[in-house]
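Beneath this line is the structure, given in structure tokens, with notes to follow.
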Amino acid sequence: MYGKKVKLRILFITLLFSSIILFLYFFLKSFEENVVYFLSPSEIKVLPEVSTKKIRVGGMVKDQSININSEIINFIITDFKNEINVTFSGSVPNLFSEGKGVVAEGYLKDRNYLRATKILAKHDENYMPPEVKEALGEK
Amino acid sequence: MLTNQIGYYSIILGLIFSVLIFITSLKDLKNIKILNKKIFFLSFFQFFFVLLSFIALIFLFISSDFGNEIVFSNSHSTKPIFYKIAGAWGNHEGSLLLWLLVLTLFIFLFLLNSKNQPIKYRILTLVYQQIIIIGFFLFILLTSSPFNYLYPIPTEGLGLNPILQDPALAIHPPILYLGYVGSSIVFSASLAATTQNYISKAWAKNIKIWILISWIFLTIGILVGSIWAYYELGWGGFWFWDPVENVSLMPWLCLTALLHCVLVLEKKSLLSSWIIILSISTFILSVSGTFLVRSGVLNSVHTFANDPSRGIFILVFLFILILFSLIIFFFFKKENKDEKIKIFWLSKDTFILINNWFMMYFLSVVLIGTIYPIFLEVLSNDKISIGPPFYHKLIIPVLIPFLILMSFSQSLSWFKSKIDKINVKLILVFIISIILSFSIAKIAGSKNLYNSILVSASLYLFLVSIKDFFNRYKSYAQSISHFGFSLLILSILLNGILSTEVTANLKVGEKFIYKEGSIEFSSIKSYQKNNFKSIVGLFKIEDKKKNYVELEPELRIYNQPITITSEADIKTTIYSDKFLVMNKVKGDDYFNVRYQVKPFMIWIWISTFLLAFGGSLSLFRRINEK
């Protein structure tokens with residue numbers, strides 16, 4: 001019916017399309033699983049439901065809130081409107097201290113409690129997460 | 001004050017020379033003989049004035065002249081002299097001046113080095129390069145002049161961020177910039193060659209030198225940056241898939257694809273359109289890299305100095321460059337008659353094309369992962385970040401066919417290869433690598449099939465590359481680079497699979513016992529240095545097999561600006577690195593300690609160096625051929 005050339009070309013195009021679709025599928029799937037949303041304590045308070053996905057919470061470490069023993073570090077992240085308790089076991093960066101900006105990555109237990117798996121702090125000692133800056137600006 | 005003036009007016013003079021070059025070359029394009037000598041001098045003076053202003057800036061830093069704004073905000077009189085000099089490019093304004101210096105130096109070297117090329121092509125390259133150079137001149141003069149002065153003159157500077165006070169990071173930006181800027185020559189030259197319809201074997205020979213230069217510096221630049229991140233940032237990794245790291249990886253991937261394609265052009269004059277597209281994208285990616293890092297669009301873990309207003313300038317500049325290069329590409333690109341030659345499927349060309357497909361795949365993964373969060377934030381105000389798992393999931397599985405095809409392609413020839421000739425040995429090596437990998441898995445007690453397959457594939461490439469050293473017809477440069485690459489993948493994989501980590505919060509005198517051993521925090525001492533106070537802890541670590549090691553990590557409290565940094569203590573052997581870092585959390589009693597064992601760490605550095613070394617060998621051979 002068709003010539004050899006046409007058949008080859010059809011084969012090539014189907015192969016190309018199917019691989020693109022396959023690629024997109026894996027891409028989107030992996031995307032969905034690995035995207036981490038960044039939220040402030042105030043945004044967490046108004047979440048419709050507590051999801052089981054990993055999130056990042058940014059804010060300032062509340063004064064006098066760090067509590068430490070040999071395995072866990074507990075502290076409170078605040079954006080000066082709302083706050084959230086964080087519990088963490090692992091290593092913290094240099095700039096992690098009270099009154100400084102911090103970003104904690106982990107899983108929410110409820111709207112007041114985060115189990116962090118990683119603590120990030122910015123290199124700049126004057127750094128403030130943008131949300132906190134906004135919150136401070138509004139005050 | 002005087003040095004400041006010299007620096008500032010040198011930049012303006014440099015800009016005048018750029019405009020002069022631009023106008024005279026366009027006007028006299030027909031009268032080529034006169035032009036040839038004139039542009040040579042003009043381009044020398046342009047370089048000279050930029051150099052002068054750069055020297056003026058360094059001089060300002062050395063003499064701690066705090067009347068200058070950027071010296072004031074980035075330097076301090078107690079800083080060691082080496083970091084005073086490095087401070088000149090450790091900030092936004094100075095680093096742009098360095099960009100410009102390298103831009104003008106490279107185009108001057110290009111003029112020197114391309115005397116055997118057609119004159120029109122050389123001059124057009126120069127003209128296109130001037131567009132980039134003028135763009136950067138304007139950027140510096142309008143938005144970020146390094147020579148603003150302050151009055152009254154402050155008596156003391158604010159100091160350089162201590163994390164940046166490090167030998168690796170002092171040389172990291174200049175090397176990376178040499179790589180980025182090298183791609184600008186490739187960009188202008190390929191546009192010039194398109195306009196002149198000069199994409200040919202001879203052109204490929206000439207441009208390959210610049211591709212190699214750019215690629216070597218980019219490789220070394222990324223390497224130095226990773227080494228710095230490894231020992232200074234204290235998390236014990238060397239690659240975080242951070243946007244700032246990704247923007248240096250993207251031009252590298254593009255350039256690697258280009259490096260291989262140009263070989264096909266040189267041998268068979270094929271793929272010319274693809275090469276132009278790659279040259280354009282490499283440079284655009286380099287400029288976007290600078291834009292993303294410097295504009296503050298990327299809020300990354302290591303973004304320093306940033307200012308959004310500058311972003312708009314680079315964005316417009318970038319847009320003009322893209323538009324301009326696309327116009328040239330579509331209007332001037334003529335079909336090459338030689339390109340009708342058929343490619344035999346089992347030849348090097350096919351596999352280089354496949355390599356390119358893989359590179360483009362890796363590039364698009366990294367590109368989307370880096371750019372998507374920015375777009376999402378602009379469009380929907382959602383803030384997201386895409387972590388390492390995203391990249392790992394999309395890149396690592398694809399490595400398996402990539403590695404196997406790469407090993408397979410090594411023994412192919414440029415024209416037809418016979419199937420039976422290559423098969424037997426390669427299959428034998430393949431079986432050996434599978435057996436090896438599974439025996440490693442057995443010894444290490446790992447039951448992960450996926451990891452074993454990955455290790456098999458990289459071992460296969462590793463063994464094939466070793467075999468290649470005994471092949472007399474191969475160039476050593478290629479063998480060394482490919483061997484380096486296989487070693488790199490192998491050590492990254494083994495490092496990733498076999499690394500272990502423990503963290504604990506300890507007081508002085510406490511001992512922490514965990515499954516594989518114990519960490520004892522035995523003592524602490526502190527001393528005062530010129531610009532920081534240091535606290536050194538002594539840790540005694542013993543593992544199950546009674547291997548004993550002492551590590552002394554340090555905390556530094558810098559006075560200007562007041563910053564705490566932790567210096568990890570790393571014991572390196574050829575098998576593994578033992579890495580310990582401590583941080584103070586609150587008050588004086590508790591220290592947060594992280595201890596890591598990272599196998600084959602040093603081989604990651606060595607192999608990347610080998611990769612670049614292979615490139616350099618090829619570069620020197622090409623320069624000597626002339």
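Listing for the model above:
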quantity: Candidate set: the stretch A:84-105, residues that are more than 25 Å from B:Gln596 (Cα to Cα) and surrounded by fewer than 19 Cβ atoms within 10 Å (Cβ to Cβ); chosen: the one nearest to the chain's Cα centre (by Cα); calculated: A:Asn85
quantity: The stretch B:521-538, subset without any contact (Cβ under 8 Å) to a residue 24 or more places away in the chain and more than 28 Å from B:Lys79 (Cα to Cα), residue nearest to the other protein chains (Cβ to nearest Cβ); calculated: B:Ser522
quantity: Checklist (1) surrounded by fewer than 16 Cβ atoms within 10 Å (Cβ to Cβ); (2) touching a residue at least 40 places away in the same chain (Cβ under 8 Å); (3) within 12 Å of chain A (Cβ to nearest Cβ) applied to B:Thr500, failing item; calculated: (3)
quantity: Residue in the stretch B:108-115 that is within 18 Å of B:Ile6 (Cβ to Cβ) and touching a residue at least 40 places away in the same chain (Cβ under 8 Å) present; calculated: no
quantity: Flag if B:Tyr548 is more than 14 Å from chain A (Cβ to nearest Cβ) and either within 27 Å of A:Ser70 (Cα to Cα) or surrounded by fewer than 18 Cβ atoms within 10 Å (Cβ to Cβ) (or both); calculated: yes
quantity: Residues (of a type outside the set (Gly, Ala, Ser) and more than 14 Å from chain B (Cβ to nearest Cβ)) located in the stretch A:7-35; calculated: A:Lys7, A:Arg9, A:Ile10, A:Leu11, A:Ile13, A:Thr14, A:Phe17, A:Ile21
quantity: Some residue of the stretch B:119-131 being surrounded by fewer than 16 Cβ atoms within 10 Å (Cβ to Cβ) and among the hydroxyl-bearing types (Ser, Thr, Tyr); calculated: no
quantity: First in the stretch A:94-108 and away from chain B (no Cβ under 12 Å) and within 10 Å of A:Ile77 (Cα to Cα), second anywhere and among the charged types (D, E, K, R) and surrounded by fewer than 20 Cβ atoms within 10 Å (Cβ to Cβ), Cβ under 9 Å, 6 or more apart; calculated: A:Ala104/A:Lys118
quantity: Filter pass, B:Lys571 being away from chain A (no Cβ under 14 Å), farther than 30 Å from B:Ala257 by Cα, part of a loop (DSSP other than H, G, I, E, B) and not aliphatic (A, V, I, L, M); calculated: no
quantity: B:Tyr595 vs. criteria facing chain A (nearest Cβ under 10 Å) and crowded, with 22+ Cβ neighbours inside 10 Å; calculated: yes
quantity: Verdict on B:Ser518 being touching an Asp or Glu at 6+ places or on another chain (Cβ under 7 Å), in the same structural domain as B:Pro553 (by TED's automatic domain parsing), without any contact (Cβ under 8 Å) to a residue 40 or more places away in the chain and surrounded by fewer than 16 Cβ atoms within 10 Å (Cβ to Cβ); calculated: yes
quantity: Qualifying positions in the stretch B:555-577 - closer than 15 Å to B:Gly236 by Cα and surrounded by fewer than 18 Cβ atoms within 10 Å (Cβ to Cβ); calculated: B:Lys571, B:Thr572
quantity: Where a residue in the stretch B:134-155 is assigned to a strand (DSSP E or B) and its partner, wherever it lies, is among the acidic types (Asp, Glu), with Cβ under 7 Å and at least six apart; calculated: B:Tyr149/B:Glu69
quantity: Lone unmet requirement of (1) within 14 Å of another protein chain (Cβ to nearest Cβ); (2) crowded, with 20+ Cβ neighbours inside 10 Å for B:Asp589; calculated: (2)
quantity: Within the stretch A:36-59, considering residues that are surrounded by 11 or more Cβ atoms within 10 Å (Cβ to Cβ) and of a type in the set (D, E, K, R), the one farthest from the other protein chains (Cβ to nearest Cβ); calculated: A:Lys45
quantity: Members of the stretch B:71-86 found to be in contact with a Gly (Cβ under 8 Å, 6 or more places away or on another chain) and at pLDDT below 85, listed by number; calculated: B:Ser73, B:Asn74, B:Ser75, B:His76, B:Ser77, B:Lys79
quantity: The stretch A:66-83, residues that are within 11 Å of chain B (Cβ to nearest Cβ) and buried (at least 17 other Cβ atoms within 10 Å of the Cβ); calculated: A:Ile66, A:Ile68, A:Ile73, A:Phe75
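The values are calculated or read from the model by the stated rules, or taken from the named source; none is laboratory data. If you're wondering where the values come from, they're calculated on a predicted model, not measured in any experiment. A quick note on method: Cβ atoms are made from the backbone with ideal geometry, for glycine too, and the neighbour counts reach across all protein chains shown.
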